[in-house]
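Notes follow once the structure below has been shown.
The values are calculated or read from the model by the stated rules, or taken from the named source; none is laboratory data. These figures come from a predicted structure and were not determined experimentally. Backbone-built Cβ (ideal geometry, glycine too); neighbour counts: all protein chains shown. SASA here: full protein model, heavy atoms, side chains in, ligands and nucleic acids out. Shrake-Rupley method; radii C 1.70, N 1.55, O 1.52, S 1.80 Å.
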Amino acid sequence: MSKYFDEQKWSEAIQHNDWYLRLSDDYKRLMKQAEENNKEISGKIKEEIYQFFENHLEKGDIVLGKKGPNWDKERKPIDTIIIHHTKNPPGITWQRLNAMQLIRLYAIYYASPYYEEEKHIKGQAIFSSHFRNSHQIFYAYHWLVRMDGATEKLLDDNQIGWQAGNWEVNCRSVAICLDNDFENSSPSDLVISSIAKLIKEKYPQVKLENIVGHREVNPKTTCPGNEFLTDWKLKLINILK
Ligand SMILES: [Zn+2]
């Protein structure tokens, strides 16, 4: 049973189209609580929230949209690569990433749509227009790079990832995410060469100056970590030169 929220209330709420509005106050309270506590408690709070959604996405008993905006209609030719890190311990599953980004990206946007022509989606069931084996998915990255250098495809390149915190950039970029927390460290040479190889093979058209960290397009985040700009971005670019 959940220690930090009323699981029964949440289980009832997710049976409604607007579950993200019904749970919004609880979610804000929990995030505040996480912020005010130490890393251990904060981790436990987030773990409970994400596990709850991961379980229910798996069970299929959370209401999601059957139709909605075709978010990918604005997809542009890819001219930019955005580098991220998960800021989590290595070994994240796509299911966990899916639950996290449903909550942190889609639920937040549906609760408060930014563009005038999208205001009407508030309260509607969340729809991503992205599917994996006929299940709707919400992760926002195109690639996940593991710490042994292995690369995993998440979104297709013709799908827009809600990842950069900037819609215009999202429309013309792909997101490569490293499966680790690099807030205060750098990836190994193996991982850096794996990113370089991926870019060389799949996105040779992208200019070197358009290979950027998440933090370079969105100043609100430090992703992909504090050493990106001072250390490993240069290593990556040098391999690609
Ligand atoms: Zn990021």
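Can you go through GLU117, GLU168 and tell me which one is open to solvent by 20 Å² or more (accessible area, probe 1.4 Å), at pLDDT below 95 and over 30 Å from SER42 (Cβ atoms)?
GLU117
Among the candidates THR93, THR86, THR80, the residue that is hydroxyl-bearing (Ser, Thr, Tyr), out of contact with any strand residue (DSSP E or B) (no Cβ under 7 Å at 6 or more places or on another chain) and in the same structural domain as PHE127 (by TED's automatic domain parsing) is uniquely THR93. Among the residues of the stretch 66-97, those identified as open to solvent by less than 20 Å² (accessible area, probe 1.4 Å) and either within 16 Å of the ligand (Cβ to nearest atom) or charged (D, E, K, R) (or both) are THR80, ILE81, ILE82, ILE83, HIS84, HIS85, THR86, ILE92, LEU97. For SER173, the test of being small (Gly, Ala, Ser) and buried (at least 21 other Cβ atoms within 10 Å of the Cβ) is passed. Condition (residue is crowded, with 17+ Cβ neighbours inside 10 Å and either assigned to a strand (DSSP E or B) or at positive phi (or both)) applied to the stretch 18-41: is it met by at least one residue? The answer is no, given that none of the residues of the stretch 18-41 is crowded, with 17+ Cβ neighbours inside 10 Å and either assigned to a strand (DSSP E or B) or at positive phi (or both). Take the stretch 182-215 and flag every residue that is within 16 Å of the ligand (Cβ to nearest atom) and open to solvent by 50 Å² or more (accessible area, probe 1.4 Å). Across the stretch 182-215, the qualifying residues are ASN184, ARG215.
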